[in-house]
Structure formats: structure tokens, C-alpha cells
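Report on the following structure.
The values are calculated or read from the model by the stated rules, or taken from the named source; none is laboratory data. Keep in mind that this is a model prediction, so the values were computed, not measured. Cβ: placed from backbone, ideal geometry, glycine included. Neighbour counts: every protein chain shown. With ligands, DNA and RNA removed, areas are computed over all heavy atoms of the protein, side chains included. Shrake-Rupley method; radii C 1.70, N 1.55, O 1.52, S 1.80 Å.
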Amino acid sequence: DNASIKGNKEVGGLVGLDFYESTITGCFTRGSVESVDKYTGGIVGKAYSTSISDCYSGASVKSGNGGYQGGLVGFASAMGGVSTSITNSYSTGLINDGVTAGIIAGGMVGREMVTSNNPAALTVVGSFWDTEASGQATSAGGAGKTTSEMQVASLYTNAGWSTGIWNLADGSYPT
């Protein structure tokens with residue numbers, strides 16, 4: 001079902017703040033995720049060294065007050081040299097339903113925080129966001145595709161997605 005999640009700082013459809021080397025696998029979110037301030041994502045609001053695989057979000061994402069927002073992750077960073085990773089995942093939700101000053105938005109990831117200690121803060125493999133549905137032409141990670149491109153099964157099989165995990169059919173998003 002659709003969830004409506006609202007919060008103040010780190011807000012995600014599944015996890016608000018994910019801190020240091022945790023794994024999120026085989027999940028999905030729908031509905032809306034909104035933060036009054038800062039970090040907002042369809043799956044994770046703020047991720048440090050998080051591994052996300054085989055997940056999708058159709059949730060709309062919105063943040064205010066100079067925040068970071070993304071279809072899967074609002075803000076991604078590394079800790080101790082371990083990057084946040086996204087593998088075989090996608091997002092389709094509307095990102096920021098209007099233009100708000102100071103917002104950094106991305107179709108899949110709002111912002112990747114790169115520092116001299118963590119030069120590779122984000123790794124994305126075989127993951128996509130819908131540029132039309134999200135309203136976002138750019139992202140800190142992933143590959144942007146049109147709605148029709150996102151609904152072709154070969155996009156995912158060519159990227160190495162498992163048919164044992166995913167239901168891939170032409171004319172619809174993977175489930």
C-alpha cells in the first residue's frame with residue numbers, strides 16, 4: 001500500500017539515517033516521503049556506507065530548507081573508505097513537486113558527498129531512474145531513462161538483473 005511519511009531531518013521511505021555498512025535488499029516503497037529539512041529519499045534519507053540491492057521506489061520525494069532529495073537516496077557518503085552502493089535497483093517517483101530554492105535533487109540520488117578521505121562515496125551498478133516520472137534529468141548516480149525505456153525487459157536483463165528475483169515484462173516496470 002501507499003505510505004505517507006513526514007519528518008524533520010533524515011527521512012526515508014524505509015530508513016531515515018543508515019549509518020555504516022548495513023545492507024538493504026529486496027525492498028520497495030510507494031506513496032510519499034517528505035522532510036521539512038535536509039535529507040529525503042524514497043528508500044534512505046541519508047546513507048553512510050550502505051549497500052542497497054534489488055530495491056525500487058515509486059514514492060514521491062520532497063524536502064525543504066536547502067535539502068537533498070533523491071528517488072532512492074537523498075544523500076550518499078562513505079565512511080572508512082567504504083562507499084554507499086546501489087545495485088540492480090530503480091526509482092520512478094516524482095522528486096520535489098515544485099522548484100524550491102536551495103534544493104539539490106536527483107532522479108535516483110540527490111547528492112554524493114566526496115571528500116579527500118572518501119573519494120569514492122557512491123558506486124551504482126545496473127540501476128535506473130525514470131526521467132519523465134521523476135521530473136529529474138540528472139542524478140548523483142544511476143542511469144536516467146524515459147518511461148518507455150524503463151518498461152522494456154531487456155534493459156534489466158542486459159544489466160544483469162536476475163529473473164529469479166525480478167518479474168521482468170515488456171510494458172511494465174519490474175516487480
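Tabulated data
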item	result
Selection from the range 68-82 of residues that are open to solvent by less than 30 Å² (accessible area, probe 1.4 Å) and in contact with a strand residue (DSSP E or B) (Cβ under 6 Å, 6 or more places away or on another chain)	Gln69, Gly70, Gly71, Leu72, Val73, Gly74, Phe75, Ala76, Ser77
Of residues in the range 118-127 being more than 11 Å from the chain's Cα centre (by Cα) and modelled with pLDDT of 75 or more, the one farthest from Ile52 (Cα to Cα)	Ala120
Odd one out for Ala153, checked against (1) modelled with pLDDT of 95 or more; (2) open to solvent by less than 40 Å² (accessible area, probe 1.4 Å); (3) within 21 Å of Thr50 (Cβ to Cβ)	(3)
Residue list for the range 1-47, filter: of a type in the set (Lys, Arg), closer than 15 Å to Ala59 by Cα and in a strand (DSSP E or B)	Lys6
Residue tally, condition open to solvent by less than 70 Å² (accessible area, probe 1.4 Å) and under 15 Å from the mean Cα position of the chain (by Cα), over the range 128-149	15
Some residue of the range 30-50 being touching a Phe, Trp or Tyr at 6+ places or on another chain (Cβ under 8 Å), open to solvent by 30 Å² or more (accessible area, probe 1.4 Å), among the hydrophobic types (A, V, I, L, M, F, W, C) and more than 18 Å from Gly141 (Cβ to Cβ)	no
Lone unmet requirement of (1) touching a Ser or Thr at 6+ places or on another chain (Cβ under 9 Å); (2) without any contact (Cβ under 8 Å) to a residue 24 or more places away in the chain; (3) open to solvent by 50 Å² or more (accessible area, probe 1.4 Å) for Gly171	(1)
The range 1-29 - residue that is open to solvent by 70 Å² or more (accessible area, probe 1.4 Å) and among the aliphatic types (A, V, I, L, M) and, of those, nearest to Gly81 (Cα to Cα)	Leu17
Restricting the range 83-112 to residues that are within 16 Å of Tyr20 (Cα to Cα) and at pLDDT below 90, the residue that is least open to solvent (accessible area, probe 1.4 Å)	Ser83
Filter result for the condition that a residue is of a type in the set (Phe, Trp, Tyr), on the phi > 0 side of the Ramachandran plot and in contact (Cβ under 8 Å) with a residue 40 or more places away in the chain, over Tyr20, Tyr90, Tyr56	Tyr20
Test: Thr115 is surrounded by fewer than 16 Cβ atoms within 10 Å (Cβ to Cβ), in a loop (DSSP other than H, G, I, E, B) and modelled with pLDDT of 90 or more	no
Residue list for the range 156-168, filter: open to solvent by 40 Å² or more (accessible area, probe 1.4 Å), farther than 20 Å from Thr29 by Cα and at pLDDT 95 or above	Thr157, Asn158, Gly160
